[in-house]
Amino acid sequence: MFRTFLCALAVASSAGAVLADEAGTLTLDIAGETHSFTLWAHQSDWSGSETYASVNIYARPETDATREAYGILTLGFEVAGGSANAPEASLTRIDGDERVKLYSTDDAGGLSITPDIASVSGEELTVSGSFAGEMGISENYGRDIDLNDPLAVSGTFDVVLGPVE
């Protein structure tokens, strides 16, 4: 029993050490207002190598004012050769008791992601840059995005991610 406890403690300690370096912020600009988000390290990750990375960033609102208007912000993309490919974004908009999921891709919403830095050190990826596009409502998790009343968004990200586990 004691040996099991020590093994569990060692695993928990090493997992905490990996997460300790994972951190970052995102900003989201909508209609002239800037909202801050903090990296959700337990949900964010990357996979790949020094020349190619698949990135998944999940972020939670940082302030009460942002939490009242928005929920989780996600960005997903691939980085190779200094450019980003296959960008995807989602954002939960909160209006009273109603939550609406908004989505954007390069095909639907013209989402673009421009990385400034993408570097690997050990198992960690440091990536920063900017994004912009239009988001729309989707009833099927982004497969079909309604852009009849689009929400123009732009922002920045600066994060350190751990590997897929």
*Restricting attention to the range 84-101, does a residue exist that is without any contact (Cβ under 8 Å) to a residue 60 or more places away in the chain, open to solvent by less than 30 Å² (accessible area, probe 1.4 Å) and in a loop (DSSP other than H, G, I, E, B)?*
no
*Scan of the range 133-155 for residues that are surrounded by fewer than 17 Cβ atoms within 10 Å (Cβ to Cβ) and within 15 Å of the chain's Cα centre (by Cα), ordered by number*: SER154
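Being open to solvent by less than 40 Å² (accessible area, probe 1.4 Å) and over 17 Å from ALA23 (Cα atoms) narrows it down to one of GLY109, GLY129, so name that one. I'd like the intermediate steps shown before the answer.
On the way: GLY129 fails: over 17 Å from ALA23 (Cα atoms).
None of the others qualify; the one that does is GLY109.
Against the condition over 17 Å from ALA152 (Cα atoms) and either touching a residue at least 60 places away in the same chain (Cβ under 8 Å) or not in a strand (DSSP E or B) (or both), how does VAL79 come out, does it pass? Give the steps one after another, and end with the answer.
Working: over 17 Å from ALA152 (Cα atoms): yes; either touching a residue at least 60 places away in the same chain (Cβ under 8 Å) or not in a strand (DSSP E or B) (or both): no.
The answer is no for VAL79.
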*Is there any pair linking a residue in the range 48-62 that is within 16 Å of VAL159 (Cα to Cα) to one that is in a loop (DSSP other than H, G, I, E, B) and open to solvent by 60 Å² or more (accessible area, probe 1.4 Å), with Cβ under 8 Å and at least six apart or on different chains, and which?*
ASN56/GLN43; TYR58/TRP40; TYR58/GLN43; ALA59/TRP40; ARG60/TRP40
*Does VAL120 fit the bill of being farther than 18 Å from LEU73 by Cα, among the hydrophobic types (A, V, I, L, M, F, W, C), in contact with a strand residue (DSSP E or B) (Cβ under 9 Å, 6 or more places away or on another chain) and in contact (Cβ under 8 Å) with a residue 40 or more places away in the chain?*
yes
*Could you list, in sequence order, all residues of the range 126-165 that are more than 13 Å from LEU75 (Cβ to Cβ), hydrophobic (A, V, I, L, M, F, W, C) and assigned to a strand (DSSP E or B)?*
ILE137, LEU147, LEU151, ALA152, VAL160
*Selection count, the range 18-41, where residues are part of a loop (DSSP other than H, G, I, E, B), out of contact with any strand residue (DSSP E or B) (no Cβ under 6 Å at 6 or more places or on another chain) and at pLDDT below 95*: 2
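The values are calculated or read from the model by the stated rules, or taken from the named source; none is laboratory data. Quantities reported herein were computed from a predicted structural model and do not represent experimental measurements. Every residue, glycine among them, receives a Cβ derived from its backbone with ideal geometry; neighbour counts consider all protein chains shown. Areas reflect the complete protein model, heavy atoms only, side chains present, ligands, DNA and RNA absent. Shrake-Rupley method; radii C 1.70, N 1.55, O 1.52, S 1.80 Å.
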